[in-house]
Amino acid sequence: MKVDFFIVGAMRSGTSSIRDQLDLDPKINMAHGEPMFFSNDKKYQQGFSEYHALFDWSNSDVVLRGEKSPRYAVSPTAPKRVYDYNSEAKIIWMLRDPVKRAISHYIHSVYRAGDKATSLDEAIENSGELEKSNSTMAYVFRSQYEKQIDAWSKYFPHQKIVILEDLINNSESVMGEIYDYLEVDPGIALGFQRHSRVKVDQEKAKIEKSNPTTVAQKEKLFELLEPTIIEIEDMLGRRLDAWRAH
């Protein structure tokens, strides 16, 4: 009795959407929300009973069980814990234009923390310190996907990288690749729809309008994150033009 696959990141890159899409398939059972079991010491030390209670084990139609917790991407303990739990688990990454992801993360932090949120300029200026402390407001570090993937590659060398822009523009093909990776035939028509919470999205749009990102900020973010773009392009063996439009 083991969970089969994990959507581990990246935050603000469509992980909720892909979870909800896969959960529509009667063959796949997804845990609701973000369990964060393998990144939370207290939860992990309590054992697997409560974690397994998040899944349906009685439905004979279900052939795969999965969860999504973007906190795992930057957790120092999650990769080994997941490996110790299920060394054959499938690991899925949802990646988005790293500059846009960093800005979205900033807006999300303002939405959640208001004036207590780290400003975008501060996050850019102190990116190294925020990375070292693994801050939840390390907007730059959490867009440096290669660092996060590398930590997981030591345990899971065959991970699936999904580019959000590809998924939006070529949903059927990319969803087919995900099913191939999971080694299960789709139980529904292949497609993808972005997760949307209208009220929250409207509030964030207001925040973004009142906190516009400057050209200088975007240029600095691109300067910091271009190495990430190059690394992911190397991993995929192709150029990511959608990430280079800044």
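Some notes on this structure:
- Scan of region 107-130 for residues that are under 20 Å from Lys199 (Cβ atoms) and not charged (D, E, K, R), ordered by number: Ile107, His108, Ser109, Val110, Tyr111, Ala113, Gly114, Ala117
- Contacts under 9 angstrom Cβ, first residue in region 105-124 being touching a residue at least 12 places away in the same chain (Cβ under 8 Å), partner exposed (fewer than 15 other Cβ atoms within 10 Å of the Cβ) and part of a helix (DSSP H, G or I), 6 or more apart: Ile107/Ala205; Ser109/Lys116; Tyr111/Val200; Tyr111/Glu203
For every residue, the table says whether it meets (1) without any contact (Cβ under 8 Å) to a residue 24 or more places away in the chain; (2) surrounded by 17 or more Cβ atoms within 10 Å (Cβ to Cβ).
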position	(1), (2)
Glu131	yes, no
Ile168	no, no
Gln217	no, yes
Leu224	no, yes
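- Of the set (1) outside any helix (DSSP H, G or I); (2) on the phi < 0 side of the Ramachandran plot, all apply to Gln148 but (1).
- Selection over region 79-92 of residues that are under 13 Å from the mean Cα position of the chain (by Cα) and surrounded by fewer than 24 Cβ atoms within 10 Å (Cβ to Cβ) gives a count of 1.
- Helices (runs of 4 or more DSSP H) enclosed by region 152-246 - at least 2 residues per element that are modelled with pLDDT under 95 and within 29 Å of Ser119 (Cα to Cα): 198-210
- Members of region 139-165 found to be free of Cβ contacts under 8 Å to residues at least 60 places away in the same chain and either buried (at least 17 other Cβ atoms within 10 Å of the Cβ) or touching a helix residue (DSSP H, G or I) at 6+ places or on another chain (Cβ under 6 Å) (or both), listed by number: Tyr139
- Test result for Met137, outside any helix (DSSP H, G or I) and of a type outside the set (Asp, Glu): yes
- Any hit, region 148-157, residues being touching a Ser or Thr at 6+ places or on another chain (Cβ under 8 Å), within 17 Å of Thr15 (Cα to Cα) and hydroxyl-bearing (Ser, Thr, Tyr): no
- Lone qualifier among Asp201, Asp234 - being more than 20 Å from Met11 (Cα to Cα), of a type outside the set (Gly, Ala, Ser) and out of contact with any Leu (no Cβ under 9 Å at 6 or more places or on another chain): Asp234
Matching residues to (1) touching a Cys at 6+ places or on another chain (Cβ under 7 Å); (2) small (Gly, Ala, Ser); (3) part of a helix (DSSP H, G or I); (4) closer than 19 Å to Ser135 by Cα:
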| residue | (1), (2), (3), (4) |
| --- | --- |
| Lys2 | no, no, no, no |
| Met11 | no, no, no, yes |
| Gly47 | no, yes, no, no |
| Val62 | no, no, no, no |
| Glu67 | no, no, no, no |
| Pro76 | no, no, no, yes |
| Lys80 | no, no, yes, no |
| Trp93 | no, no, no, no |
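- Candidate set from region 1-53 (those that are farther than 19 Å from Ile91 by Cα and of a type in the set (A, V, I, L, M)); member that is surrounded by the most Cβ atoms within 10 Å (Cβ to Cβ): Leu24
- Yes/no for Ser109 being at pLDDT 95 or above, assigned to a helix (DSSP H, G or I), closer than 23 Å to Leu225 by Cβ and out of contact with any Phe, Trp or Tyr (no Cβ under 7 Å at 6 or more places or on another chain): yes
- Answer from Glu233, Glu165 - the residue that is charged (D, E, K, R) and under 20 Å from His105 (Cβ atoms): Glu165
- Single match in Asp84, Asp25, Asp20 (criterion: in contact (Cβ under 8 Å) with a residue 40 or more places away in the chain, of a type in the set (Asp, Glu) and assigned to a helix (DSSP H, G or I)): Asp20
The values are calculated or read from the model by the stated rules, or taken from the named source; none is laboratory data. All values derive from a computational prediction rather than experimental measurement. Positions of Cβ are generated from backbone atoms using ideal geometry, with glycine treated the same way; all protein chains shown enter the neighbour counts.
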